[in-house]
Amino acid sequence: MKAPRFAYARPATLEGALALLAAHGEEARVLAGGQSLVAMLNLRVAAPRVLVDINRVPGLGEVALGESCVRIGALARHAELERSELVARHLPLLARAVRHIAHPAIRNRGTFGGSCALADPAAELPACALALGAKLVLRGARGERRVAAGEFFRGLYETALEAGELLVAAEFPLPGPASASAFGELARRHGDYALVGLAAYAQRDGPALRDVRLAFFGVADRPVLAARAAAVLEGRRVDEATLARAVAALDLEPRGDLHASAATRRRLAGVLLERVVKELAQ
Amino acid sequence: MSGELDFEGPASYVGRSVSRPNARRLAEGRGQYVDDIVLPRMLHVAFVRSPHAHARILSIDTSRAERMPGVRRVATGADIARICKPYVGVLTHLAGMRSPPQHPLALEVARWQGEPVVAVAAESRAEAEDACEAVEIAWQELPAALDAERALEPGATVIHAEFGDNLCFRRVVDTGGVDEAFAGAAAVVEDTLSFGRHTGVTLEPRSMLADYNAAEESLTAYHSGQSPHMMQAILASRLGLDEHRVRIVCRDVGGSFGIKIHIYGDEMAACALSIMLRRPVKFVADRHESFLSDIHARDHRVRARLAADREGNVLALEIDDLTGVGPYSMYPRSSAVECNQVLGLTGGPYRHKRYRATGTVVFQNKNPMSQYRAVGHPIATAVAEHMIDRAARALALDPADMRRRNLIPDDAYPCQSPSGMRFEQLSHHACLEKLVALMDYPRLRAGQAALRAQGVHRGIGLASFIEVTNPSPMFYGVGGARIAAQDGCTMRLDASGAIIAATGVTEQGQGTETMIAQIAATVLGVQMSCVKVLTGDTDKVPYGGGTWASRAAGIGGEAVLQAGLALKKNILEVGARILKTDAGSLDIADGRVVKRGTSEGLSLTELARIVYYRGNELPADFQPELVVTRHYRVKDYPFVFTNGAQGCLAEIDPETGFVRVLKMWCVDDCGRVINPKLVEEQIRGGIVQGLGGALTEHCRYDERGQLLNCTMADYLVPMAGEMPDIEVAHIQTPTRTSLLGAKGAGEAGTGGAPGALMNAVNDALAAFGARVTSQPITPDVVLAALGKI
Amino acid sequence: MNDAQEALDIELEVNGEHVRRRVEARRSLADFLRQDLGLTGTHLGCEHGACGACTVRVDGAIARSCLMLAVQADGARIETIEGLSDAGAIAELQNAFVLANALQCGYCTPGMLIAAQALLEADPQPSRDRIREFLAGNYCRCTGYQSIVDAVASVAAHRAARGPR
């Protein structure tokens, strides 16, 4: 199980990286943390001609507080998010979710940007980006653009990134004082991709919730917002009856796979909704 | 002689939890596994494997692969078949069993996805893999026979046309009187249970480094394995070499569990390539091909019925076991032993007299299946224990009381099970009572009820089990397989005063070498640090079977004990000449030959010095002999059975179907315990292996026979986060078949855990009127049982 | 390294020694350590990051050496089981593992020890659950894990009793 031949480049600047990506187009892949990509290379399910290692591009790993957002650099490692006081204070959802990603040795290398750019539908961070309304910052030869998380994740391992473009950061809007978040996932083993997971966000309005965003993962080809269930919860006090209606309104259509049938996933999504939203309301 | 042996005294290492001397080397990363060995001019081999479950090879074009960088040889099945004779995995004592000749690489038809088809030898493994991608094979896909249930139906795809159908083996056991017993029973329970396919996932993959020396016509094979002499005999006979010119070396082995005890085509092909190329060839399976080619295990569908009277006495048991074993029976141990064991072992702890069992083994287009840790035991135990609990519930009896009523009394031995298994002396009741005390069973039951009121759903499961250990020649030898049941030990006193013990049993981490050193040091009266143990090299150790079926301590250990007694006798003879007394008045204590009850004498170092360098000081008519060899085989019984009982506390989440194992307990009776800690660790590791198969591990095939989970991200082995603490205690009933009295302990954990767990889950589910009958017990299974999906 | 190349020169520190080699771009750090440097204590169990047997330290943090390319380690400081053993850096854990029989076949052990060391650096007094959680990325088929948890817990307890050094 050895990787196929490829060429490797390690640009020292963002411009250098973009130039390489422009030069090699579809034949190039970006190497960030490598915790999925190198495994795919070893398994020969990925066989790019060129790897562009962005690990030494300066400035891509920063986690910074802006006026209206927290900006997380693409190269920020999961372990850094786990330790970051900034993240803990402003994005507690992310702080919580990141602990569910694999294991410490993986979190030391894996990156925020890599997780988003790979767009595994069972991954935690894309769902958090969706729940929190983050914008993904993409840089290409023709400049920078921002894409909302809801637009960025397009399908199974599919994103809005175009050939030659690099994901450089994500901007998370600063949550207000009444905002709340909660997170839950169901995995057979610690650190596994979840059978079903839920990253949830809302504004608390007395005993009621507003602006409810329920980002499920592991139930579709990308993280998805359960809009109908959220609409049931919107503006209401969270009680058993409301929860039951929200669960009934879940319109997810997960597919069955090795680890759980579609029916099990549907059921687990409902259970998670109840448990996570209860926490959200507390 | 046994008067010489004092296992209870302060000088005995037997019975003590001494640390393993070889553990430190491994803890420093200084082990030597096959992939760590590098030989001059060594090549690496990779395989093109069948992408189809069943397909005809129309053509193979290797020309592009041959021109790839670093490639030294591309060999097809036909090329390898010119070097390596085919093999047939049948045992003659399993009447009617059949399997066709198998070649290392598929010749005309590939019969499972993952069967090796073309071998590429190159300067590096990466280059060999590159070239594999350039081999072009034209396939004609054939219909695949996948479902064991339908393998014998008319019209089913027949995998081996010459057999006419897909039957590999069938056996029926019938004591008679079963139907009558069922007809008169107060309670009859029945269920169909299924057990998924899983596999061993040894952390070190299967590995073979073959080094053929053309000038000597000799082959040295560094093998990650557990039965060196078996490999020697097979490699020699299949490759046409003199057996004594084939040397098998098993150094450190990164787990085996039965996976590495079989003959695999890829390993045979690596040896053939070494002969063809006259240079060393290394094969190390990668994880992907391990899933596709390491034997799989279990995969049983068992229909079971149990009859009991009003008081709860079991009157009769009936089972029908069906198992699919892939397209070939594995060589040389066959793929029918597991089913045979299920028939032999099911219900074995209990005293009912009526038993009928049918076993059917069929071929299918999936990876071959064969013996894996605790062969047949988890199935036999889970089936019987499930039925015992079902009957207990039907009769409103406590599961512990149900077992008390039905387990064979501890004073009823020797006796025989309805299936014909002969038991020398077991201790089911002692084990069960110790287990319920260890678990504080009444308190657990009270706690369970209290928690249920709070919405916490816990279940308590019990499982009594028997375990086949110390196999006699009746296991394999009688069936024509060249697998030694006897084992030997050559022991010598070196010139330095050190004791060197060479043994045919092997070390895969269980602590074999430690156990042997403990016995040798105890028998000889020396410090353990003076004993060096040699294993795993056919050039250096006496002919033996290796380590499997929990035979190392019971059989290998007894050979060591006998060699030690013989060497001690010889040493005392020397001592008697030097000390001018008679040998009977001497003993060895703390490394010194002394007059009994005194400290007067001389050290073994001094004695050895005289023997080896100053023989002139000995009487002219006396020739010292400080090297002895002794062998041992089990003679009185086909196997020496052990027994034990396990308990499980599990919690289910009825909303999600998740099961959490909170605690496991095991009381095991493996006869004389040589090293309690090592036995406990065998039990613990075994239990977790059993829990893996019962909870998460499952080789899943799609409808075209494609294995869907070939990575460790998709095949879920148990990890630390989910596994419980496990309390282990011992009952010791030494076997009288040997002086040592030791029986095996390697299968007990794996054999009992799935049954204990399933009973615990069903105990919890009983509150909902539900039960599960299939393993692994996934959320799908639990939620379906609860009617929630 | 602005141009893409199939083989590259790298310089790094491995177990305190300066190393220069030319490596294929596709060579994993694990294969580089094992095959180019003969550091065979780093084991390969899966080559896709799931088993933890190849765990090493990269610039002081644990990482899967099968999921890093050797070229990525250019300029890095790598520590393997051999270096950590020779330096005595994990001697307490090694002793505890031997005493508790927290290893059988030994194949997972180097990775397990290196992960355990990282745990005790991050959390000197972990609970048993925390130990299990932290080591959940390291597969062991032999022990059933309990003795490993015991060994790590015993080192933590011993250090607590001894007090800070």
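The values are calculated or read from the model by the stated rules, or taken from the named source; none is laboratory data. The structure presented is a predicted model; accordingly, all values stated were derived computationally and were not measured. Positions of Cβ are backbone-derived with ideal geometry, glycine not excepted, and every protein chain shown enters the neighbour counts. Just the protein is used for accessible areas: all its heavy atoms, side chains included, with ligands, DNA and RNA removed. Shrake-Rupley method; radii C 1.70, N 1.55, O 1.52, S 1.80 Å.
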### Shielded residues, segment B:485-525 - accessible-area loss of 50 Å² or more between chain alone and all protein chains, probe 1.4 Å
none
### Message
Just to verify a number: FRET efficiency for B:E108 and B:K635, C-beta to C-beta distance, R0 = 51 Å, to 0.05?
### Response
0.65
### Relative frequency of Cα-Cα separations exceeding 19 Å in segment C:7-85, percent
23 percent
### Subset of B:K677/B:K743; B:K282/B:K366; B:K85/B:K540; B:K434/B:K663; B:K260/B:K663 violating a 20 Å alpha-carbon distance limit
B:K282/B:K366; B:K85/B:K540; B:K260/B:K663
### Query
Between chains C and B, what is the buried accessible area summed over both chains (1.4 Å probe, protein heavy atoms, nearest 100 Å²)?
3900 Å²
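Per DSSP helix of 4 or more residues, -39500 (n - 2.57); summed, then divided by the residues of chain C. What does that give at 222 nm, rounded to the nearest 500?
For chain C, the value works out to -10000 deg cm²/dmol.
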### Task
Starting from the amide H of B:L315, placed 1.01 Å from N in the peptide plane, find each other amide H under 5 Å away whose residue is 5 or more places distant or on another chain.
B:A307, B:A308, B:D309
### Message
Can you compute the helix-only [θ] at 222 nm over chain A? Use -39500 (n - 2.57) per DSSP H run of at least 4 residues, normalise by all residues, nearest 500 deg cm²/dmol.
### Response
-9000 deg cm²/dmol
### Task
Take the alpha-carbon centre of segment B:622-663, take the same for segment C:13-40, and report the distance between them in whole Å.
42 Å
### Task
Mind listing the long-range amide H neighbours of B:S774? Cut-off is under 5 Å, sequence gap 5 or more, other chains count too, H placed in the peptide plane at 1.01 Å from N.
B:S194
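Can you pull the mean other chain C-beta count within 10 Å for peptide A:258-268?
Partner-chain Cβ atoms within 10 Å, mean over residues of A:258-268: 6.
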### Message
Starting from the Kirkwood Rh over alpha-carbon pairs, what translational D in µm² s⁻¹ does segment B:105-236 have by Stokes-Einstein at 10 °C and 1.306 mPa s?
### Response
75 µm²/s
### Gain upon complete extension [B:R25, B:E180; 0.36 nm per residue less C-alpha separation]
49.6 nm
### Query
Given a 1.4 Å probe, how much area per residue of segment A:7-53 is accessible, in Å²?
36 Å²
### Listed peptides A:230-241, B:193-204, B:543-554 by packing density, highest first (mean Cβ within 10 Å)
B:543-554, B:193-204, A:230-241
## Note on the structure
One checks the Cα atoms of chain C and finds Rg and Dmax, in Å, of 16.5, 55
### Query
How long are the three semi-axes of the equivalent ellipsoid for chain B, computed from the Cα gyration tensor as the root of 5 times each eigenvalue, in whole Å, largest first?
42, 38, 22
## Note on the structure
Taking a crude spin-label model, label points 7 Å out from Cα along the C-beta direction, the A:E158 to B:L602 distance in nm is 8.8 nm
### Summary
Partner shielding of B:119-125, taken as the mean number of other chain Cβ atoms within 10 Å, equals 1
### Message
Just to check I understand the Karplus step: with θ = phi - 60° and J = 6.51 cos²θ - 1.76 cosθ + 1.60, what whole-Hz values come out for segment B:34-49, glycine and proline as x?
### Response
4, 5, 7, 8, 10, 10, x, 6, 6, 10, 10, 10, 10, 10, 7, 10
### Message
What FRET efficiency comes out for A:S68 versus A:R237 if R0 is 30 angstrom and r is the Cβ-Cβ distance? Round to the nearest 0.05.
### Response
0.50
#### Entry: Highest to lowest packing among B:459-465, B:652-658, scored as the average C-beta count within 10 Å
B:459-465, B:652-658
### Message
Please list 3J(HN,Hα) in residue order for segment A:181-189, calculated via the Karplus relation 6.51 cos²θ - 1.76 cosθ + 1.60 where θ = phi - 60°; whole Hz, with x for glycine and proline.
### Response
9, 8, 9, x, 8, 10, 10, 5, 10
#### Entry: Accessible surface buried once B binds A (1.4 Å probe; total of both sides; Å²)
2500 Å²
## Note on the structure
Two pseudo-spin positions, 7 Å from Cα along C-beta at A:A262 and at B:A11, lie apart in nanometres by 7.5 nm
### Query
Which whole-Hz ³J(HN,Hα) couplings does segment B:723-734 yield from phi under the Karplus relation 6.51 cos²θ - 1.76 cosθ + 1.60, θ = phi - 60°, glycine and proline marked x?
8, x, 6, 10, 9, 10, 9, 10, 10, 10, 10, x
### Task
Grab the beta carbon distance between B:A498 and C:D59, set R0 = 35 Å, and tell me the FRET efficiency rounded to 0.05.
0.15
### Query
Per residue, how much accessible area does segment A:179-281 have with a 1.4 Å probe, in Å²?
40 Å²
### Query
What is the helix-to-structure angle for A:14-24, meaning the angle in degrees between its Cα long axis and the longest Cα principal axis of chain A, kept from 0 to 90 and rounded to the nearest 10?
80 degrees
### Message
If you roll a 1.4 angstrom probe over the protein chains with everything in place, what fraction of the accessible area of segment C:90-162 belongs to carbon and sulfur, to the nearest %?
### Response
56 percent
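Ignoring ligands, DNA and RNA, what percent of the accessible area of segment B:343-408 is carbon or sulfur (1.4 Å)? Write down the numbers at each step before the final one.
Details: 650 of 1430 Å².
Roughly 45 percent, rounded to a whole number.
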### Message
Need one number: nm distance between label points at B:E149 and B:E136, each 7 Å from Cα along Cα→Cβ, rounded to one decimal.
### Response
4.3 nm
### Summary
Helix-only [θ] at 222 nm, chain B, -39500 (n - 2.57) per DSSP H run of 4+, per residue, nearest 500, equals -8000 deg cm²/dmol
### Query
Which helices, taking whole DSSP H runs in chain B, have alpha carbons extending 15 angstrom or more along the helix axis plus mean Kyte-Doolittle at least 1.0?
B:265-277, B:512-524
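If you roll a 1.4 Å probe over chain A with all protein chains in place, what percent of the accessible area is carbon or sulfur?
About 48 percent, which is the carbon plus sulfur part of the accessible surface.
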### Task
Using only atoms on other chains, find how many Cβ atoms lie within 10 Å of each Cβ of peptide A:193-201 and report the average.
1
### Task
Give me the accessible area per residue for segment B:598-687, probe 1.4 Å, as a whole number in Å².
37 Å²
### Message
Rounded to the nearest 100 Å², what is the buried accessible area between A and C, both sides summed, probe 1.4 Å?
### Response
2800 Å²
### Task
Express in whole angstrom the spacing between the alpha-carbon centres of segment B:483-538 and segment B:7-26.
13 Å
### Task
Quick one: which residues, 5 or more positions from A:A169 or on another chain, have an amide H under 5 Å from its amide H? H modelled 1.01 Å from N in the peptide plane, none for Pro or chain starts.
A:A74, A:V137
### Query
If you find the alpha carbon centre of segment B:158-210 and of segment A:69-128, how far apart are they in angstrom?
48 Å
